[in-house]
Amino acid sequence: MKTTIALIASTALICSAGVANAQDFTLEPGFGSVSLENGFTPDPYDVDLVSGGSIDAATIGCAGMIANAPDFRLDYMAGDIFPLILSVTSSSDTTLVVNMPDGNWACDDDSAGDLNPMLEFTQPMSGQYDIWVGAFGGGNEEATLHISEIMAGASYGGGMPDFSLDPTFGSVDLQSGFEPDPYNVQLTSGGGIDAEVVGCAGMIATAPDFRLNYAASDILPLIISTMSSDDTTLVINQPDGSWICDDDSGENFNASVNIASPMSGQYDIWVGSFFGDNQPTTLSISELYSN
């Protein structure tokens, strides 16, 4: 499922100065830069760009046609736990070329599936990563670069939950102290995406099942839970872009998430099915108790 960088890094090509000048990491990146520290949110950090260029990456042992200047620059503060995962999604055949903080090159063509590349640095270095997104056929195509510590943008070939889509079973605006409590929503669990791509369990849909716009207080928690005859899970994208999830904290294989100090803002909620089937489920939103 994953291609570790351990092998790639150990065999990364260190180019001579004459060859490396074709790809010039001293130039300003074409699509910007960012500084990220391990544990960053939202995860993934996405960058829309255009792949390709006039330089054949074969000069450094990689694949695809790339630009002279980097497409994007990442200044990264690594930790001791998380990997660093760089991946691309595009409708065209893209490649990745990365100049790492120690000056070595790493590259990939199709490890993320569907002709998309992925590099996973299992023990990433802190420092500057200059990133090129190549086009295998040489054309210039729209692409999205994903920077993550938990998942590949191509979701290992299985798709990604997309909180930009309209929720399937509606939405609600609630303010702390709302009545009636709980606020219940009838929906159907499950979907075609393995929630492992965001570090959770169960099979979920692409679009959120439900959206909660919540005005929090300093007193009450926010409790989101499920009630079903099926083994359900919860996957929630919080207002700050971070993901939280649960499998069996509720009764009878149901899920429950208790957020002691909730943020105000948009919560996108998926109800997953652990075994992948679609079952009637009650989603409960409360400040008092869990199902």
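The values are calculated or read from the model by the stated rules, or taken from the named source; none is laboratory data. Fair warning: this is a prediction, and the values are worked out from it, not measured in the lab. A quick note on method: Cβ atoms are made from the backbone with ideal geometry, for glycine too, and the neighbour counts reach across all protein chains shown. Each accessible area value is taken on the protein alone, full model and side chains, heavy atoms only, with ligands, DNA and RNA left out. Shrake-Rupley method; radii C 1.70, N 1.55, O 1.52, S 1.80 Å.
Summary of computed values
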| quantity | calculated |
| --- | --- |
| PHE275, sole failed condition from (1) part of a strand (DSSP E or B); (2) modelled with pLDDT under 90 | (1) |
| Selection count, segment 250-266, where residues are of a type in the set (A, V, I, L, M, F, W, C) and part of a loop (DSSP other than H, G, I, E, B) | 4 |
| In segment 29-59, the residues that are polar (S, T, N, Q) and either at pLDDT 90 or above or closer than 15 Å to ALA69 by Cβ (or both) | SER33, SER35, SER51, SER54 |
| Unmet requirement for ASP80, which otherwise passes all of (1) touching a residue at least 12 places away in the same chain (Cβ under 8 Å); (2) out of contact with any strand residue (DSSP E or B) (no Cβ under 7 Å at 6 or more places or on another chain) | (1) |
| Answer residue from segment 182-241, given it is in contact with a helix residue (DSSP H, G or I) (Cβ under 9 Å, 6 or more places away or on another chain) and among the polar types (S, T, N, Q) and is surrounded by the fewest Cβ atoms within 10 Å (Cβ to Cβ) among those | ASN237 |
| Matching residues, segment 85-120, being without any contact (Cβ under 8 Å) to a residue 40 or more places away in the chain, part of a strand (DSSP E or B) and either polar (S, T, N, Q) or open to solvent by 10 Å² or more (accessible area, probe 1.4 Å) (or both) | ASN116 |
| Any hit, segment 51-58, residues being surrounded by fewer than 19 Cβ atoms within 10 Å (Cβ to Cβ), out of contact with any Cys (no Cβ under 7 Å at 6 or more places or on another chain) and closer than 22 Å to GLY103 by Cβ | yes |
| Residue list for segment 268-291, restricted to those being among the hydrophobic types (A, V, I, L, M, F, W, C), over 15 Å from LEU220 (Cβ atoms) and open to solvent by 10 Å² or more (accessible area, probe 1.4 Å) | PHE274, PHE275 |
| Number of the exception - PHE82 against (1) surrounded by 15 or more Cβ atoms within 10 Å (Cβ to Cβ); (2) under 26 Å from the mean Cα position of the chain (by Cα); (3) modelled with pLDDT of 90 or more; (4) not acidic (Asp, Glu) | (3) |
| Counted residues, segment 195-232 - those being outside any loop (DSSP other than H, G, I, E, B) and over 14 Å from ASP277 (Cβ atoms) | 16 |
| Selection within segment 33-50 - over 19 Å from PRO124 (Cα atoms) and open to solvent by less than 30 Å² (accessible area, probe 1.4 Å) | VAL47, LEU49 |
| Residue that is nearest to the chain's Cα centre (by Cα) [pool: residues in segment 99-149 that are at pLDDT 85 or above and among the small types (Gly, Ala, Ser)] | SER148 |
| In segment 62-79, residue most open to solvent (accessible area, probe 1.4 Å) [restricted to those that are part of a loop (DSSP other than H, G, I, E, B) and closer than 15 Å to ASP130 by Cβ] | ASN68 |
